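First comes the structure, then the notes that go with it.
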Amino acid sequence: MKSLDWYKAATRELPYYMSQHAMHTFSLMNKKFGFPFKDIIFDWNQNVLTIFRSKKQVESTFITISEMSEEEIIYNLEKTHTLYSKILDLCVGKLDVEKFSQIHKILIDCWQYHVFSIFFSYGSHIKKLKAIQDKNYALFKKVRDIGNFYKVSAYFRNNIQTKFDPLLMDCGEILAYFNDHIEPLDIDKRLKQHYVLLMEDYVLRKAKPNEIDFESLYKQTKTTNKIIGTTACKGTKTGIARIVMQQKDLKKLRAEDILVTTMTSPSFLPYITEAGGIITDDGGTTSHASILSREFNIPCITGTKIATNQIKEGDKLLLDATQGYVKILNKQNK
């Protein structure tokens, strides 16, 4: 593994099947958009995908997008929406091998445009990109509202009858199930293991055992009681932190709690409206959390990078979204 300025760039709840799409998408982005996705570490474990990247390479990605014309950026956003729509139109009725193959093929393309739209949304610190975001807010909101892979996952789960979560299978295993009703052996062990891919110099490969020092990667952030982010919706709130890393964690959210997560998605809506505040690791002024917080007037900061690393479940927080920071008042002893 190269010695780079690694940091935890993203953490997402993604089943194995979707994570396979996400990881291989990054290997295609250089050819598709000229993105400098040169060196990346992917760690999938228990339906959560964590991505480590070089800070310099991430910033180079924003510069690459800023060098595109506004017309090209808008085309990519509209393409994202079109592909999402095609997939959701297919996610009705019975799922068979032909329909699964259609959805899978579109997902390969859709994931690339999805990742483009995410990076574009995070580039609001660049003046040109911020201006394009503000000018095309309605389009961007439409893309963010429809962009929900949870709906696709739910459709697959409801239509593939196995003894385990069917999305623990990869594409080949799902096709084998449809063709011969063959269920992979020891599939439950997949949840107990780390699946690690390493991209070096644009080449994606499976990491060797003990090749990556995850203890150092996950503990690289220095402890701090004050975390800075980007104001999405102004306001001040004192409340108890609820850490949400997977959709099932939303059930523990109570009225006036402060939601701390990597990023939000449309699936958060039934739970999030009564939250006292929102803090995310990722996102910018046009991210889903930003749009949602302004719609419901919930104090919110995004793009903290380290909130889920520094804040623990039950911590008492002072969220000052007007000034763009959160302060840990009392840490929960564990």
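The values are calculated or read from the model by the stated rules, or taken from the named source; none is laboratory data. On a predicted model such as this, the values are computed, not experimentally measured, just so you know. Methodologically, a virtual Cβ is constructed for each residue, glycine included, from the backbone with ideal geometry; neighbour enumeration extends over all protein chains shown.
Regarding the stretch 286-299, can at least one residue be identified that is modelled with pLDDT of 90 or more, out of contact with any Gly (no Cβ under 7 Å at 6 or more places or on another chain), surrounded by 14 or more Cβ atoms within 10 Å (Cβ to Cβ) and assigned to a strand (DSSP E or B)? Checked against the condition, which is being modelled with pLDDT of 90 or more, out of contact with any Gly (no Cβ under 7 Å at 6 or more places or on another chain), surrounded by 14 or more Cβ atoms within 10 Å (Cβ to Cβ) and assigned to a strand (DSSP E or B), the stretch 286-299 yields no hits at all. The residues of the stretch 87-105 that are surrounded by 15 or more Cβ atoms within 10 Å (Cβ to Cβ) and in a helix (DSSP H, G or I), listed by number, are Ile87, Leu88, Leu90, Lys99, Phe100, Ile103, His104. Run Tyr271 past the list (1) without any contact (Cβ under 8 Å) to a residue 24 or more places away in the chain; (2) assigned to a loop (DSSP other than H, G, I, E, B) and report the number of the one that doesn't hold. Exception for Tyr271: condition (2). Per the listing Ile212, Ile187, the residue uniquely outside the structural domain of Val97 (by TED's automatic domain parsing), buried (at least 17 other Cβ atoms within 10 Å of the Cβ) and not small (Gly, Ala, Ser) is Ile212. Checked against (1) in contact with a helix residue (DSSP H, G or I) (Cβ under 7 Å, 6 or more places away or on another chain); (2) touching a residue at least 60 places away in the same chain (Cβ under 8 Å), Tyr137 meets all criteria but (1).
Quick grid of which residues meet (1) over 19 Å from Lys206 (Cα atoms); (2) surrounded by fewer than 20 Cβ atoms within 10 Å (Cβ to Cβ); (3) among the acidic types (Asp, Glu):
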| position | (1), (2), (3) |
| --- | --- |
| Lys2 | no, yes, no |
| Leu14 | no, no, no |
| Ser19 | no, no, no |
| Thr25 | no, no, no |
| Leu28 | no, yes, no |
| Pro36 | yes, yes, no |
| Phe42 | no, no, no |
